[in-house]
Amino acid sequence: MGGIFGVVSKKSCTLDLFFGVDYHSHLGTKRGGMAVYGPNGFSRSIHNIENTPFRTKFDRDLDELEGNYGIGCISDSDPQPLLMQSHLGSFAITTVGKINNQEQLIQEAFINGHIHFMEMSGGKINSTELVAALINQKSTITEGIKFAQEQIEGSMTILVLTPQGIYAARDRMGRTPIVIGKKEDAYCASFESFAYINLDYSDYAELGPGEIVFLTPEGMDQLSPPRDEMKICSFLWVYYGYPTSSYEGVNVETMRYDCGKLLAQRDNVKADLVAGIPDSGIAHAVGYANESRIPFARPFIKYTPTWPRSFMPQNQGQRNLIAKMKLIPVDSLIRDKSLLIIDDSIVRGTQLGETTEFLYQSGAKEVHIRPACPPLLFGCPYLNFSRSNSDLDLITRRIIRELEGDEVSDELLMDYANPESQNYKDMVEEIRKKLNFTTLRYHRLDDLETAIGISPCKLCTYCWSGKK
């Protein structure tokens, strides 16, 4: 995924920018970057943060990154922010999103007079550089951002830092958020709403889909109004979002309590304890335990001081090993117990299967699994949701292939997504057997939408429903 943060202030913005970006570290662990504009023009620093926290890498840069305006990012993909010089002037840019038609846009840029792009290792072109090239095809930055949003197939939320202030633009369908905070003599733009609270900013505005604003220390000017249609990513509440964040007025932690509550209302399993897979599964489990009256417990504790997030390494075996190493068992809460375990989702199934075996080996009698979202049937085309290269990385699609063969129609996939269908029940049972769960019951999509609490037509649920 990734996260972005920007500050415009009448005073130095450096510390606000530093801590604001750091508060997005849960959204990625590949690269971090900051760019500021000050008396000496633009300054920038980018570091690899795969094995070292953001704060540790950037502490030494703070004296050199001095200015009143700045943007920064935690990126799971390309190095950024980038510094650009064009007919629109000098600016820095950082983005969050995914471009599905990148090759087409690159060729069109060449046709329109763009001479070259910097090539990264592996022959890739930096997506943020491509966004800048699209912006530069128009006569103003505002028109350029609107043009980029229209041309990009996928999703792209953008911050552009200029000597005059910061342009903040939410992606065209509002799949990712941008919120504006305000304090005396300063404004900020943030992916996560909680990132500025301890910096003494208060909530000022939440940008709508496709909305573009310009921030200066004196205020916020709307340059392009929000679009009517929105499809915000539902998985922000289920997994990605930090518990203290809110999107469209709905707090992540509260939503997860409601999610677990609705899971419990449809369940009648007998268990000794309810537990959540750390970290995102815990709040779902609290909601389930409160509703079911089955005691909540922590039969395994996550060891975080030296282990990065388990889905980050490229190698699947390394991801599995890290996931295992992070969970330390509490024998007295596992041995001879029937456990109900809630995880945010089942993607490949490998880690949850190994966790289940780990619980059996630690003496558990039963392991009942309750994912906090419906079965993932479709890879996300809008955000860098995971490192999956194919829908067949999803355990659901592998099971469907085993049941149906290689050729599966869209109509048949939709039937597998229907919790009332026999195909759905057969798929769930095959997953249960393959991963050795005592029982398996997924969350229903209608209940998930109820837990979020905003109009379902404003939610993107493509990864579960296949509906764009």
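Looking at GLY379, GLY317 in this structure, which one is modelled with pLDDT of 70 or more and assigned by TED's automatic domain parsing to the domain that holds ARG266?
Details: GLY317 fails: modelled with pLDDT of 70 or more.
GLY379 is the lone residue from the list that is modelled with pLDDT of 70 or more and assigned by TED's automatic domain parsing to the domain that holds ARG266.
Okay, residues lined up against (1) among the aliphatic types (A, V, I, L, M); (2) in contact (Cβ under 8 Å) with a residue 24 or more places away in the chain:
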{"site": "ARG398", "(1), (2)": "no, no"}
{"site": "GLU402", "(1), (2)": "no, yes"}
{"site": "VAL408", "(1), (2)": "yes, no"}
{"site": "GLU411", "(1), (2)": "no, no"}
{"site": "ASN418", "(1), (2)": "no, no"}
{"site": "SER421", "(1), (2)": "no, no"}
{"site": "PHE437", "(1), (2)": "no, yes"}
{"site": "ASP447", "(1), (2)": "no, yes"}
{"site": "ILE452", "(1), (2)": "yes, yes"}
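Of the residues that sit in the stretch 95-124 and are surrounded by 12 or more Cβ atoms within 10 Å (Cβ to Cβ) and closer than 14 Å to MET84 by Cβ, which one is modelled with the highest pLDDT?
Taking the candidates together, the pick is THR95.
Looking at the stretch 18-36, which of its residues are in contact with a Leu (Cβ under 8 Å, 6 or more places away or on another chain) and either outside the structural domain of LYS183 (by TED's automatic domain parsing) or under 16 Å from ILE166 (Cα atoms) (or both)?
First, pick out the residues of the stretch 18-36 that are in contact with a Leu (Cβ under 8 Å, 6 or more places away or on another chain): 18-20, 34-36.
GLY20, MET34, ALA35, VAL36, listed by residue number.
Mind checking which residues of the stretch 330-355 are part of a strand (DSSP E or B) and either within 26 Å of ARG401 (Cα to Cα) or not small (Gly, Ala, Ser) (or both)? Full working, then the answer.
Taking the stretch 330-355 as the starting set, the residues that turn out to be part of a strand (DSSP E or B) are 338-342.
Those that are part of a strand (DSSP E or B) and either within 26 Å of ARG401 (Cα to Cα) or not small (Gly, Ala, Ser) (or both): LEU339, LEU340, ILE341, ILE342.
Restricting the search to the stretch 45-67, which residues are more than 27 Å from GLY241 (Cα to Cα) and either among the basic types (Lys, Arg) or in contact with a Lys or Arg (Cβ under 6 Å, 6 or more places away or on another chain) (or both)? First the steps, then the outcome.
Taking the stretch 45-67 first, the residues more than 27 Å from GLY241 (Cα to Cα) are 60-67.
ARG60, the sole residue that qualifies.
Suppose we keep only residues that are in contact with a helix residue (DSSP H, G or I) (Cβ under 8 Å, 6 or more places away or on another chain) and assigned to a strand (DSSP E or B) within the stretch 99-127. Which one would you say is farthest from ILE152 (Cα to Cα)?
Result: ILE125.
Select the strands (runs of 3 or more DSSP E) contained entirely in the stretch 173-213, then report the ones holding at least 1 residues which are closer than 12 Å to VAL7 by Cα. Break it down stepwise before answering.
On the way: elements: 179-183, 186-190, 202-206.
Qualifying strands (runs of 3 or more DSSP E): 179-183, 186-190.
Could you list, in sequence order, all residues of the stretch 215-241 that are assigned to a strand (DSSP E or B), in contact (Cβ under 8 Å) with a residue 60 or more places away in the chain and either surrounded by 21 or more Cβ atoms within 10 Å (Cβ to Cβ) or of a type in the set (Gly, Ala, Ser) (or both)?
The initial filter retains those residues of the stretch 215-241 that are assigned to a strand (DSSP E or B), namely 215-216, 219-224, 232-233.
From the residues that got through so far, the ones that are in contact (Cβ under 8 Å) with a residue 60 or more places away in the chain too are 215-216, 223-224, 232-233.
Answer for the stretch 215-241, where residues must be assigned to a strand (DSSP E or B), in contact (Cβ under 8 Å) with a residue 60 or more places away in the chain and either surrounded by 21 or more Cβ atoms within 10 Å (Cβ to Cβ) or of a type in the set (Gly, Ala, Ser) (or both): LEU215, SER224, ILE232, CYS233.
Conditions tested, residue by residue: (1) under 20 Å from GLN351 (Cβ atoms); (2) at pLDDT 95 or above.
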| site | (1), (2) |
| --- | --- |
| ASP393 | yes, no |
| SER409 | no, no |
| LEU440 | yes, yes |
| ASP446 | no, yes |
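For THR94, indicate whether it is closer than 25 Å to PRO209 by Cα, of a type in the set (Ser, Thr, Tyr) and within 20 Å of the chain's Cα centre (by Cα).
Working: closer than 25 Å to PRO209 by Cα: yes; of a type in the set (Ser, Thr, Tyr): yes; within 20 Å of the chain's Cα centre (by Cα): yes.
Taking the combined requirement at face value, the residue satisfies it.
Go through the stretch 356-468 and tell me which helices (runs of 4 or more DSSP H), entirely inside it, have 1 or more residues that are touching a helix residue (DSSP H, G or I) at 6+ places or on another chain (Cβ under 9 Å), of a type outside the set (Phe, Trp, Tyr) and closer than 30 Å to PRO243 by Cβ.
Details: elements: 395-404, 410-416, 422-435, 445-452, 462-465.
The helices (runs of 4 or more DSSP H) meeting that bar are 395-404, 422-435, 445-452, 462-465.
The values are calculated or read from the model by the stated rules, or taken from the named source; none is laboratory data. Bear in mind that the values here come from a model prediction, so they are computed numbers and not experimental data. Here the Cβ is made from the backbone with ideal geometry for all residues, glycine too, and neighbour counts use every protein chain on show.
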